[in-house]
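Take a look at the structure below.
The values are calculated or read from the model by the stated rules, or taken from the named source; none is laboratory data. Quantities reported herein were computed from a predicted structural model and do not represent experimental measurements. All Cβ positions, glycine included, derive from the backbone under ideal geometry; neighbour counts span all protein chains shown. The protein model used for the area step is the full one, side chains on, heavy atoms only, and it has no ligands, DNA or RNA in it. Shrake-Rupley method; radii C 1.70, N 1.55, O 1.52, S 1.80 Å.
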Amino acid sequence: MLHLDDVVLRYGSRAVLDGVDLRLKEGTVTAIMGPSGSGKTSLLHCIAGIIQPDFGTIHVDGTNISSMSASGRARFRLEHVGIVFQFGELLPELTVGENVALPLRMLGTPARASGDRALTALHAVGIDSLDRRHPGEISGGEIQRAAIARAIVARPQILLADEPTGALDEENVESVARLITAQAHELGAVVIMATHNPAVARFADTIFRLRAGRLEESAALVPA
């Protein structure tokens with residue numbers, strides 16, 4: 001499903017990614033661990049097509065996204081990739097339901113159908129009763145649940161989570177990690193979580209550590 005071959009990304013003279021190879025199948029959960037600044041976010045951004053690597057190829061289900069134009073990658077990302085950011089990144093002027101429906105509206109789905117699917121996604125993460133609230137009226141844990149709903153509403157092939165529990169208290173860490181990893185089975189998606197938190201990484205099937213721009217497979221933690 002997801003193949004990275006010899007991916008290199010440089011910032012000036014520094015190789016943030018230095019020949020990364022990765023093979024992931026649908027329905028699997030992978031954790032990428034490493035300290036802040038190790039390149040975890042850059043790796044996710046390459047997979048999402050937000051930035052283009054300097055060298056190497058990235059294939060998603062046979063499609064080489066690294067050869068696409070910026071507009072082509074943006075369309076592919078909208079259709080096939082869901083992203084959960086550390087702070088949720090909901091638009092404050094929109095309701096929770098409108099935030100979740102936004103990817104569908106951008107794809108041209110009619111408003112009523114988008115709203116119905118947004119409610120279904122919110123129900124899946126347990127907060128459908130908050131669809132008419134605004135982000136400033138809900139808790140941090142609820143914001144992350146809404147962000148997950150937005151990421152899965154278009155049923156993506158790939159779900160990327162960048163330090164998704166970094167801004168949460170201990171009580172919410174496990175519930176959010178469980179919600180994200182459950183999508184591997186519910187959507188048949190490739191789920192990748194970038195994290196420095198072992199409590200999150202233990203939900204993964206496979207754990208890699210990013211060191212000096214290279215991925216090293218790590219011993220699995222105690223399963224959740």
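Structure summary
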{"item": "Accessible area (Å², per residue) of the chain, counting only protein heavy atoms and a probe of 1.4 Å", "result": "46"}
{"item": "In Hz, Karplus ³J(HN,Hα) per residue of the stretch 59-67 (6.51, -1.76, 1.60; θ = phi - 60°; x = Gly, Pro)", "result": "10, 10, 6, x, 8, 7, 6, 6, 9"}
{"item": "Carbon plus sulfur fraction of accessible area for the stretch 100-224, probe 1.4 Å, in percent", "result": "48"}
{"item": "Potential lengthening between residue 216 and residue 64 on full extension [0.36 nm per residue; Cα-Cα distance subtracted]", "result": "52.3 nm"}
{"item": "Crossing angle, helix 96-106 versus the chain [Cα axis fit, 0-90 degrees, rounded to tens]", "result": "60"}
{"item": "Folded to 0 to 90 degrees: helix 140-152 orientation relative to the chain principal axis, Cα", "result": "70"}
{"item": "Note, ³J(HN,Hα) from phi for the stretch 129-139, Karplus 6.51, -1.76, 1.60, rounded to Hz, x at Gly and Pro", "result": "6, 9, 4, 9, 7, 9, x, x, 9, 10, 7"}
{"item": "5 angstrom amide H check on residue 159, placed H, neighbours 5+ away", "result": "82, 190, 191, 192"}
{"item": "Part-to-part distance (alpha-carbon centres) for the stretch 83-131 and the stretch 23-54, which is given in Å", "result": "24"}
{"item": "Between helix 111-124 and the chain: long-axis angle, C-alpha atoms, 0 to 90°, nearest 10", "result": "70"}
{"item": "Relative packing of peptides 200-212, 150-162 - highest average C-beta neighbours within 10 Å first", "result": "150-162, 200-212"}
